[in-house]
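Notes for the one structure printed next.
The values are calculated or read from the model by the stated rules, or taken from the named source; none is laboratory data. This is a predicted model, so every value here is computed, not measured. Backbone-built Cβ (ideal geometry, glycine too); neighbour counts: all protein chains shown. Heavy atoms of the whole protein, side chains included, go into the accessibility calculation; ligands, DNA and RNA do not. Shrake-Rupley method; radii C 1.70, N 1.55, O 1.52, S 1.80 Å.
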Amino acid sequence: MVVYNIQVQTSSILVIVLIMLFFFCSRKIGLFTERVFARILIGAFVCLLLDILSVIFICNDDTLPYWLVEASCKLYLASIICMAFAGLDYILTELLAEATYHKAIRIVFTILPIQAITVLMTPISWYHKDRVVYSMGPATTVTYVFAFIYILTTIYLILTKRDKLNKRRFIATSSWMVLWLVTATVQFLNSGLLIIGFSMMLGVLILFFLLENPASLHDKRVGCFNSHALLLFLDQVFERSEDYCVTSFYFEDTVNDATVGTSSDIMMNTATFLRRYRNIAVYKNIENELVMLSRTKDIAEKVVTEYRDYYRANLARIAKERSRTKARVSVVTLPDCTLVKNSDSLFSLIHMTREASSSTASLVIQNVDDEHLMKYYRYHEVAAEIRSALDEDRLEVFYQPIFSTERNCYVSCEALARIRRADGSLISPGEFIPVAEDTGLIIRIGDRVLEKVCSLLSNRKEVSETLDYIEVNLSVAQFKQADLFDKFVEITSRYGVDPAKINLEITETASIDAKNTLLDTMKLFLEHGVSFSLDDFGKGQSNLMYVVEMPVSIIKLDMDMIKAYFVENKAKHVVATTVKMAHDLGLHVVAEGIESEHELESMRSEHIDFIQGYYFSRPIPSEEFVSLITKAG
């Protein structure tokens, strides 16, 4: 009885078959890499099958036609070359854009058949004794040469292009190729060890579990694809410029409460509803958000319309059933994702559209229209303008003088950032400051303003000797920086500026948002000689305890409060009481927005210490400001 040395190959092909069952029976998102991996699976199956057949045929070469045994051996060798190429094919899908990949692969596909034909045309022989079975001869040598070329090329690309691969993909592909290289070398040196098939199976196993397992792209709790799958698919969509319609379902609890779960319950029900449709793909994004992709706007409109009816009939009760926690669902549809450049821009646009809604309904349905797009594009134009202005030193500091009612002269000023376009025009602060705060660019702006203020104090004696201090605004984002104080010390030391010449201005709303962080940071600045003023006092959620707790020396009355003073009797009493309270606490008061002599004298009568407004000067460039205070004496 003939005993075939195919135990390793048989075990390996069984593992490959199991992986194929898991892979092909799972729902996939349609990635190009999934198709490439499917080719690898089929190639590994065919290669192992040919390996088994060639061993069986060699063991029965005395009863089988010579040409059949020869053909089986050569086809197996050709399949080894194809599998060695498969490693290069897989790594190229990660390193090249899809269009470039197809061009490169077309070139390789013209070479691969030539290599296979070379093997088929080259002489081959085989050896069989007991359990030792292998092929040999020139065809085998040619096969190893071609295979080593592909394997070494792939390893070279993995090592030299490592920065383009994430850690997981680097580990998987490098392990696969090193395994290939070691086992191919061992089998080349010892033909009796038939281990290439086993290493092929291990390589496929590594790729499957680390990179290509469809289960890793599913959110098991919600029952749809996860956020990682969404980003992978969107990257492919944007690379191909495909026009998918994107709909975001965002779920939030509008009242914070210990009893959580209302919005999560609605999200789970929504996911169940969306799974009814076979012509859409649903993804669970980060936080409580579901994202639906469809090929046309009509499909999305049909689903959203039916969801609205489903929500009213089944989910509205869940949204309102708890007395203290109410849920809100916001549905935003972008008809064509090619209107933006990438997934980050896509979700930024959806977020801006959602935030622009003023509706308080529990279900809000919106489409991204031309107005939303114009605002989005303008937002990013301004962000780009800020970045280029910072890079090209087109950020300027304007100064608005502050007048002392007691000393009848200018005693300080407020430093205000201005962004100048390349054409010389200015961007309105009301336009660029919200964008800067949202993008984090406000930190760079704040640092640059402080540098320019210190430069002015250091280089212009008429400023440093005339003014008691210059007010510099600090944003909420700056408060949150761990190195805020260190950067301040470094900048003032570099310009040789006395820290007492700087007054840091914080807003009342900022103090509400980051009170605990502020207190700790302010202590460091106070010990260094820096003073603080509280801006926008009386705006928003005024709380007198902030004045008590915050170690500020100046409060600046909000401009709206000052304007109300001249039209509302109640406002007059509020201003008078606030000024008295501040003075009793040892604080000075600034009135902002003063535009006429009448307003100035009214503020004098209320014993307000400092005046700031257009009556004296609007914010002006540094040279004009120096000229102003010099002429004023």
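Values as computed for the structure displayed
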{"item": "Filter result for the condition that a residue is under 29 Å from Ser216 (Cα atoms) and of a type outside the set (Gly, Ala, Ser), over Leu157, Leu120", "result": "Leu157"}
{"item": "Pairs where the first residue, in region 110-134, is among the basic types (Lys, Arg) and the second is part of a loop (DSSP other than H, G, I, E, B), C-beta under 8 Å, 6+ apart", "result": "Arg131/Val3; Arg131/Asn5"}
{"item": "So Phe432, is it over 29 Å from Leu600 (Cβ atoms) and surrounded by 18 or more Cβ atoms within 10 Å (Cβ to Cβ)", "result": "yes"}
{"item": "Selection from region 353-379 of residues that are more than 19 Å from Lys297 (Cβ to Cβ) and either polar (S, T, N, Q) or surrounded by 17 or more Cβ atoms within 10 Å (Cβ to Cβ) (or both)", "result": "Ser357, Ser358, Ser359, Thr360, Ser362, Leu363, Tyr379"}
{"item": "Residue ranges of helices (runs of 4 or more DSSP H) in region 534-630 with at least 2 members open to solvent by 80 Å² or more (accessible area, probe 1.4 Å) and of a type in the set (A, V, I, L, M, F, W, C)", "result": "544-549"}
{"item": "Residue pairs meeting the criteria (Cβ under 8 Å; at least 6 apart or on separate chains; first under 14 Å from Arg27 (Cβ atoms), in region 211-233; second polar (S, T, N, Q) and buried (at least 18 other Cβ atoms within 10 Å of the Cβ))", "result": "Leu217/Asn226; His218/Asn226; Asp219/Asn226"}
{"item": "Tally, over region 232-256, of residues that are assigned to a helix (DSSP H, G or I) and loosely packed, with under 15 Cβ neighbours inside 10 Å", "result": "3"}
{"item": "Where Leu14 falls short, out of the listed (1) at pLDDT below 90; (2) closer than 25 Å to Leu193 by Cβ; (3) surrounded by fewer than 20 Cβ atoms within 10 Å (Cβ to Cβ)", "result": "(1)"}
{"item": "Residue in region 71-78 that is at pLDDT 90 or above, more than 18 Å from Pro138 (Cα to Cα) and open to solvent by less than 10 Å² (accessible area, probe 1.4 Å) present", "result": "no"}
{"item": "Elements of type helices (runs of 4 or more DSSP H) contained in region 1-110, each with 3 or more residues being polar (S, T, N, Q)", "result": "7-25, 66-95"}
{"item": "Selected residue (only one of Arg328, Arg394 is modelled with pLDDT of 90 or more, open to solvent by 20 Å² or more (accessible area, probe 1.4 Å) and charged (D, E, K, R))", "result": "Arg394"}
{"item": "Residue pairs meeting the criteria (Cβ under 7 Å; at least 6 apart or on separate chains; first touching a residue at least 12 places away in the same chain (Cβ under 8 Å), in region 164-187; second assigned to a helix (DSSP H, G or I) and of a type in the set (S, T, N, Q))", "result": "Met177/Thr154; Leu179/Ser199; Trp180/Ser199; Thr183/Ser199"}
{"item": "Flag if Ser388 is surrounded by fewer than 21 Cβ atoms within 10 Å (Cβ to Cβ), farther than 24 Å from Lys556 by Cβ and hydroxyl-bearing (Ser, Thr, Tyr)", "result": "yes"}
{"item": "Residue in region 415-429 that is open to solvent by less than 30 Å² (accessible area, probe 1.4 Å) and of a type outside the set (A, V, I, L, M) present", "result": "no"}
{"item": "Hey, Phe85 more than 24 Å from Thr141 (Cβ to Cβ), open to solvent by less than 20 Å² (accessible area, probe 1.4 Å) and modelled with pLDDT of 90 or more or not", "result": "no"}
{"item": "Output for region 473-495, where each listed residue is aliphatic (A, V, I, L, M) and open to solvent by 60 Å² or more (accessible area, probe 1.4 Å)", "result": "Ala482"}
{"item": "Residue list for region 176-191, restricted to those being out of contact with any Gly (no Cβ under 8 Å at 6 or more places or on another chain), surrounded by 15 or more Cβ atoms within 10 Å (Cβ to Cβ) and in a helix (DSSP H, G or I)", "result": "Val178, Leu181, Thr183, Ala184, Gln187, Phe188"}
{"item": "Some residue of region 136-144 being open to solvent by 60 Å² or more (accessible area, probe 1.4 Å), under 23 Å from Ile56 (Cβ atoms) and not in a helix (DSSP H, G or I)", "result": "yes"}
{"item": "Residue match in region 461-472 (condition: farther than 23 Å from Gln612 by Cα, open to solvent by 40 Å² or more (accessible area, probe 1.4 Å), free of Cβ contacts under 8 Å to residues at least 40 places away in the same chain and in a helix (DSSP H, G or I))", "result": "no"}
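A quick yes/no check of all residues on (1) touching a strand residue (DSSP E or B) at 6+ places or on another chain (Cβ under 8 Å); (2) among the hydrophobic types (A, V, I, L, M, F, W, C):
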| residue | (1), (2) |
| --- | --- |
| Pro65 | no, no |
| Ile80 | no, yes |
| Leu92 | no, yes |
| Ala99 | no, yes |
| Val119 | no, yes |
| Ser135 | yes, no |
